[in-house]
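Student: Take this structure first; my questions come after.
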Amino acid sequence: MSGFIGDLLEGIAGFVTDVWLLRRQRAARNRPRNGWARDATDVAFFDAWVIGVSILTLAATAILLFGLNLPLWISLAPVVVGAVYVIYRWMALARA
C-alpha cells in the first residue's frame, strides 16, 4: 500500500512540476500568461499524447522485431520517430 501512495505522490509532484516548467518556459519566451487550470489541461493532454505515442511505438517496434524478424536497429525506427514527434509537440505546447 505504501508503494501505491508513494507512486501517487510522485505522479502528482511530476505533474505539478511539468505545469510549473511549462509556465516558466512560456514566461521566458514572453508569451501571454494562461491560468493554472488552462496550463494543467494542456499538460494533461500532452501527457495523454505521450502515453498514446509510447504505446504505438512500442507495439510497432515489437511487430518489426519479433513479427518480421528485422534487425534491432531497424526495429527501433518507430521509437526515434515517436521521440522526435513528442519533442515537437512539447515545443509547440511551450510556444502556444
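The values are calculated or read from the model by the stated rules, or taken from the named source; none is laboratory data. Just so it is clear, the structure is predicted and the values come from calculations on it, not from any experiment. With ideal geometry, Cβ positions are generated from the backbone for all residues, glycine too; neighbour counts draw on all protein chains shown. Remember, those area values only see protein heavy atoms, side chains included, never the ligands or the DNA or RNA. Shrake-Rupley method; radii C 1.70, N 1.55, O 1.52, S 1.80 Å.
Student: With a probe of 1.4 Å, find how much accessible area the chain has per residue, and write the answer as a whole number in Å².
Tutor: 73 Å²
Student: Specify the longest stretch of the chain that does not include any exposed loop site, a site being one of the trypsin sites (Lys or Arg not before Pro) with a non-H, G, I, E, B DSSP assignment and at most 12 other Cβ atoms within 10 Å.
Tutor: Looking at the chain, 34-96 is the longest stretch - no exposed trypsin sites (Lys or Arg not before Pro) with at most 12 other Cβ atoms within 10 Å.
Student: For the chain, which whole-number percentage of the solvent-accessible area (1.4 Å probe, protein heavy atoms only) is attributable to carbon and sulfur atoms?
Tutor: 73 percent
Student: Return the FRET efficiency for the residue pair Leu76, Ala27: r is the Cβ-Cβ distance, R0 is 30 Å, and the value is rounded to the nearest 0.05.
Tutor: So, using R0 = 30 Å, E works out to roughly 0.25.
Student: Order Leu56, Leu64 by their accessible area, 1.4 angstrom probe, all chains in place, largest first.
Tutor: Leu56, Leu64
Student: Let me have the 222 nm mean residue ellipticity of the chain computed from DSSP H runs of 4+ only, each contributing -39500 (n - 2.57), with the sum over all residues rounded to the nearest 500.
Tutor: Computed mean residue ellipticity for the chain: -27500 deg cm²/dmol.
Student: What's the Kirkwood radius of the chain in Å, using all Cα pairs?
Tutor: 15.4 Å
Student: Using a 1.4 angstrom probe and counting only protein chains, how large is the accessible area of Leu70 in Å², to 10?
Tutor: 60 Å²
Student: Below 8 Å between Cα atoms, with a sequence gap of 6+, how large is the relative contact order for the chain in percent?
Tutor: Relative contact order here is 29 percent.
Student: If you don't mind, another one. In what order, largest first, do Leu22, Leu72 sit by accessible area if the probe radius is 1.4 Å?
Tutor: Leu72, Leu22
Student: Determine the dipole magnitude for region 1-61: charges of +1 sit on the beta-carbon of Lys and Arg, -1 on that of Asp and Glu, nothing else is charged, the reference point is the Cα centre, and the result goes in debye to the nearest 20.
Tutor: Charge dipole of region 1-61: 520 debye, to the nearest 20.
Student: What figure, in Å² to the nearest 10, do you get for the accessible area of Thr41 with a 1.4 Å probe and non-protein molecules left out?
Tutor: Surface open to solvent at Thr41 totals about 70 Å².
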